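**Q** Mind looking over this structure? Questions follow.
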């Protein structure tokens, strides 16, 4: 299978810190790839660069064979590469349903012209989008919460909403930033099932994760980042045996 | 070439007028993190309070000092009764409060003193002339007083324990609290100082022009241009930026009509924010 | 007395346009604009100059909306990266900048003397000039209200509210936030421009000193009073502000201890105080906006 995402020679420096250092990484189409590394290894920065929120200093990012490193965040998203945020960024004042109905692209009702024309077309479009949003909520298990304000969701439910918002657009590639961090074990199981369902529906996943059980169970391939540089890549079993990875972790975090 | 000297003196006078109120804006921004649009109105209030005291035959320098202390106390009172309640609510609420206060103070002055133009009772005196520089005694005294207050202010920020508390609070409020600094004391001190500095600037401006209820409002744009150019939070930066902007706007008179001086300040302000949205010299935090 | 009431209502309607505009920018999209008077002034001058040249009122209003709207777009495009506090400074400064241009460019705008003899070109048969002006302005405001209301409740309004809440999220779902922010600024400025055009046409005389920061503050208070984002609330807030400002002129005949200047000053002091109280209550301890 071909590579959906290919990163070559990527660099990013913040002041005195080389956050991303000659990073080389690829994600196969249709895979679930894990991205691990000690705290401060530059994982979130890398996500931020891939998704167009941060400009790299140098290097290339190819998505579906085309360069995307110069594009703005919304343009990257439009090409079918979407991300979630580590700390959920639900739109608090809106209902859970509205959070999702916001997502579909090319809504006629999103154009100024729609305000001046009869409302029938927008109403019809909204019905279609609402049905789609409810279906996504069903998939992630938030269907009962559709009409409450997003601010009232629990921490774990907010994680699900992040995932749902990403899923709503049916992207080709989803970047999930610690989808199970701070979530209770029952919900972790649930989240893993959801991710597998999403994957089974044909979406490629790249996941930052600290929970090794999640990585071992979900990912067919794991990439290890340390100080902005990829130090190892392989199957979960291979990574577990890798001495360099062990060193990076022991040097990076206190047990 | 006498014109050069005339421009330089005007620039120095403008810079002296702008420095202290711009420093006040800068200090509040650095510590409390909001642009305070009422500072120009505290200038107006201070200038009129000094006028009131002059009416009791108090000499102008003493009137200015007393008016500045009074203005500082009024600023502190307003802060403690109103602004204090929105401390934790972000940038916008205090900005809106400062706009309401601006309207209130400007019209409070108008209510008491009316729209008439007033002047301080300053006797005409022979100006000092040397090497083509012409400076009136009032201007010399004003520039001298501003310089002294500026040096005192910078020294206080640098070497007193209050100054250290201010700098600590502006760099890292949480850490400052941990080290035993009480933020409300710092805030109160900064607000009092801002009212004081604004009032001195108001008196300085009124000695050069005249007292009207719009005295302070007219310099709002130059003040913000100076504060931003100097890097919000830096007193020394404000002083240098005041000199720079004053010089540029004086020499712009060679090309532009005099009424565009303020407009030019806006262009400088806009340009700085466009090129460096975080300010020219540095971001946040109090520096000397 | 009736004439007086008509005058208050006309001012309320005019401020209504400006406040509805600010509500789109600030209330809906979260872009603070402390210089709404700039677009109001540009609309006023635009209508003054074109109606004097013989253009009928309605085309003049459209033109005012276009010119003010374009200026709003320019401001938005120049300030996309500015944070809230800088946007506040820039918009306030910009409004004074615009006023200074009208003050200084005699050839364009008559300088400090302003422009007199602006035609008020419409009359409805059977009504006097003031009342017919009120009717026409009110009908136009109803249209603006309808537009604002639909904008707020259509998907596009949802997108604008999302930008107010978290711009990053909106970008992450593939929407061009700069385009939407610019659009909101353009619409808000255009509505203010229409208000300004009506203002010029109603008063038949304008000068730069009418366009100080006060009008920006009036509409901020109105939008705040009506709860940011609510179209109906904005109009209700505007009505309250207009009554407070213009209605208290009535007191002039009954209060003799203060003179005209003092009464005017008292009114504005009251408004300033009211604004502070609303903010303190709205954002004070234990509440969120």
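The values are calculated or read from the model by the stated rules, or taken from the named source; none is laboratory data. Just so it is clear, the model here is predicted, and its values are computed rather than measured. Heads up, the Cβs are rebuilt from the backbone with ideal geometry, glycines too, and the neighbour counts pull from every protein chain shown.
**Q** What helices (runs of 4 or more DSSP H), lying completely within region C:1-120, carry at least 3 residues that are in contact with a strand residue (DSSP E or B) (Cβ under 8 Å, 6 or more places away or on another chain)?
**A** Of the helices (runs of 4 or more DSSP H) lying wholly inside region C:1-120, those with at least 3 residues that are in contact with a strand residue (DSSP E or B) (Cβ under 8 Å, 6 or more places away or on another chain) span C:36-52.
**Q** With B:140, B:67, B:75, B:125 as the choices, which residue is modelled with pLDDT of 95 or more and farther than 29 Å from residue C:221 by Cα?
**A** Only one candidate passes the filter, namely B:67.
**Q** Would you tally the residues in region C:135-155 being over 25 Å from residue C:1 (Cβ atoms), in contact with a helix residue (DSSP H, G or I) (Cβ under 6 Å, 6 or more places away or on another chain) and in a helix (DSSP H, G or I)?
**A** 7
**Q** Evaluate the following for residue A:149: is it farther than 24 Å from residue A:45 by Cα and in contact with a strand residue (DSSP E or B) (Cβ under 8 Å, 6 or more places away or on another chain)?
**A** So residue A:149 fits the description; yes.
**Q** Now, a different point. Quick check on my filter: what residues within region B:45-88 are within 14 Å of chain C (Cβ to nearest Cβ) and over 30 Å from residue C:31 (Cα atoms)?
**A** B:45, B:48, B:77 - these are the residues of region B:45-88 that are within 14 Å of chain C (Cβ to nearest Cβ) and over 30 Å from residue C:31 (Cα atoms).
**Q** State the number of residues belonging to region B:87-103 that are more than 14 Å from residue B:35 (Cα to Cα) and surrounded by 24 or more Cβ atoms within 10 Å (Cβ to Cβ).
**A** The total comes to 1.
**Q** With the condition kept exactly as written, say whether any residue in region A:34-51 is assigned to a loop (DSSP other than H, G, I, E, B), more than 12 Å from chain C (Cβ to nearest Cβ), closer than 29 Å to residue C:163 by Cα and over 14 Å from the mean Cα position of the chain (by Cα).
**A** yes
**Q** May I pose another question? For residues in region B:208-240 being within 23 Å of residue B:64 (Cα to Cα), within 14 Å of another protein chain (Cβ to nearest Cβ) and over 14 Å from the mean Cα position of the chain (by Cα), which is surrounded by the most Cβ atoms within 10 Å (Cβ to Cβ)?
**A** The extreme case among them is B:213.
**Q** What residue, among those in region A:52-63 that are part of a loop (DSSP other than H, G, I, E, B) and either crowded, with 19+ Cβ neighbours inside 10 Å or more than 15 Å from the chain's Cα centre (by Cα) (or both), is farthest from the other protein chains (Cβ to nearest Cβ)?
**A** If we take residues in region A:52-63 being part of a loop (DSSP other than H, G, I, E, B) and either crowded, with 19+ Cβ neighbours inside 10 Å or more than 15 Å from the chain's Cα centre (by Cα) (or both), then A:57 is farthest from the other protein chains (Cβ to nearest Cβ).
**Q** Oh, and also: Among the residues of region B:107-145, which ones are in a loop (DSSP other than H, G, I, E, B) and within 14 Å of chain C (Cβ to nearest Cβ)?
**A** Passing the criteria: B:114, B:115, B:116, B:117.
**Q** Now a separate question. Criterion first (over 23 Å from residue A:200 (Cα atoms), in contact (Cβ under 8 Å) with a residue 60 or more places away in the chain and in contact with a helix residue (DSSP H, G or I) (Cβ under 9 Å, 6 or more places away or on another chain)) does residue A:68 satisfy it?
**A** Taking the combined requirement at face value, the residue does not satisfy it.
Residues are listed down the side, and each one gets a yes or a no for (1) more than 14 Å from residue A:33 (Cα to Cα); (2) not in a loop (DSSP other than H, G, I, E, B):
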residue: A:171; (1), (2): yes, no
residue: A:180; (1), (2): yes, no
residue: A:205; (1), (2): no, yes
residue: A:210; (1), (2): no, no
residue: A:216; (1), (2): no, yes
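**Q** Can you find even one residue in region C:125-134 that is closer than 30 Å to residue C:268 by Cα, assigned to a helix (DSSP H, G or I), free of Cβ contacts under 8 Å to residues at least 24 places away in the same chain and more than 17 Å from the chain's Cα centre (by Cα)?
**A** Yes, the conditions are met somewhere in region C:125-134.
**Q** How many residues are outside any helix (DSSP H, G or I) and either touching a residue at least 12 places away in the same chain (Cβ under 8 Å) or surrounded by 13 or more Cβ atoms within 10 Å (Cβ to Cβ) (or both) when one looks only at region A:137-169?
**A** Adding up the residues that qualify gives 8.
**Q** Under the condition of being more than 14 Å from chain A (Cβ to nearest Cβ) and free of Cβ contacts under 8 Å to residues at least 12 places away in the same chain, which residue from region C:135-173 is farthest from residue A:105 (Cα to Cα)?
**A** C:135
**Q** Report, by residue number, each residue of region B:9-47 that is touching a strand residue (DSSP E or B) at 6+ places or on another chain (Cβ under 7 Å) and either surrounded by fewer than 24 Cβ atoms within 10 Å (Cβ to Cβ) or closer than 18 Å to residue B:239 by Cβ (or both).
**A** Correct list: B:9, B:26.
**Q** Additional query: State whether one or more residues within region B:89-106 are within 14 Å of chain C (Cβ to nearest Cβ) and not in a helix (DSSP H, G or I).
**A** Taking every residue of region B:89-106 in turn, at least one turns out to be within 14 Å of chain C (Cβ to nearest Cβ) and not in a helix (DSSP H, G or I).
**Q** Continuing with this model, one more query. Residues of region A:197-211 being under 18 Å from residue A:235 (Cα atoms) and out of contact with any strand residue (DSSP E or B) (no Cβ under 8 Å at 6 or more places or on another chain), which ones?
**A** A:211
**Q** Scan region C:62-75 for residues that are within 13 Å of chain B (Cβ to nearest Cβ) and in contact (Cβ under 8 Å) with a residue 40 or more places away in the chain and jot them down.
**A** C:75
**Q** Just checking, does region B:182-191 include any residue being surrounded by 21 or more Cβ atoms within 10 Å (Cβ to Cβ), touching a residue at least 40 places away in the same chain (Cβ under 8 Å) and under 23 Å from residue B:50 (Cβ atoms)?
**A** Yes, some residue in region B:182-191 is surrounded by 21 or more Cβ atoms within 10 Å (Cβ to Cβ), touching a residue at least 40 places away in the same chain (Cβ under 8 Å) and under 23 Å from residue B:50 (Cβ atoms).
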